Amino acid sequence: MSEKKPFPGEDAPLQEGEIEFSQTAPVSRKAVFEGDTVRQGVYLEVRHPGRETIRVQLDEGEILIGRSSKCRIRLWLEDASRVHSRIIYEDEEYHVEDMDSTNGTFINGVRVQKCILRNNDKIQIGDARIVFVEGRAEKDP
């Protein structure tokens, strides 16, 4: 048998009982788009029964969703809790988090406690449907 040769930059092959760890570095959105001429528009498209569809622009703050008057996205639904869910910006990602609601928060049909949002994810709270939209476009020259 031939002995495993180290890759360039490796000191030596692994010895018995040693564990190899990945050297993959996490990549942030900021790092990917740094220096690029890109603007990003992130918003929620809220479809609420009996009401017009609205768009709510997201920033790096917290957005509460529920029946309470303190919620930025107010749902007029009996199956929504007073403070049902929240959208937060954390680690350069938008997350949805259920706030211990009675009827749950669903992302693409799956009940979640906390979940990272991706473009076109569908958030369901009772009969309300909320679409997470993350648009990118090149800046005008």
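Read-outs: derived from the displayed coordinates by stated rules, not from any lab. Predicted model, so just to flag it, every value in this text is computed and none were measured. Cβ: placed from backbone, ideal geometry, glycine included. Neighbour counts: every protein chain shown.
Report ³J(HN,Hα) in whole Hz for each residue of the range 73-88, in order, from the Karplus equation J = 6.51 cos²θ - 1.76 cosθ + 1.60 where θ = phi - 60°; Gly and Pro get x.
Each residue's phi maps through the Karplus curve to give 9, 9, 9, 9, 10, 5, 8, 9, 6, 4, 10, 7, 9, 9, 10, 10 Hz.
What full-extension length gain, to one decimal in nm, is calculated for Arg72 and Met99 as 0.36 nm per residue of separation minus the Cα-Cα distance?
Roughly 8.2 nm would be gained on extension.
³J(HN,Hα) across the range 112-117 via Karplus (A = 6.51, B = -1.76, C = 1.60, θ = phi - 60°), whole Hz, x for Gly/Pro?
Rounded to whole hertz, the list is 10, 9, 8, 8, 6, 8.
Please list 79-90, 49-60 highest first by mean number of surrounding beta-carbon atoms within 10 Å per residue.
Ranked by mean Cβ neighbours within 10 Å, highest first: 79-90, 49-60.
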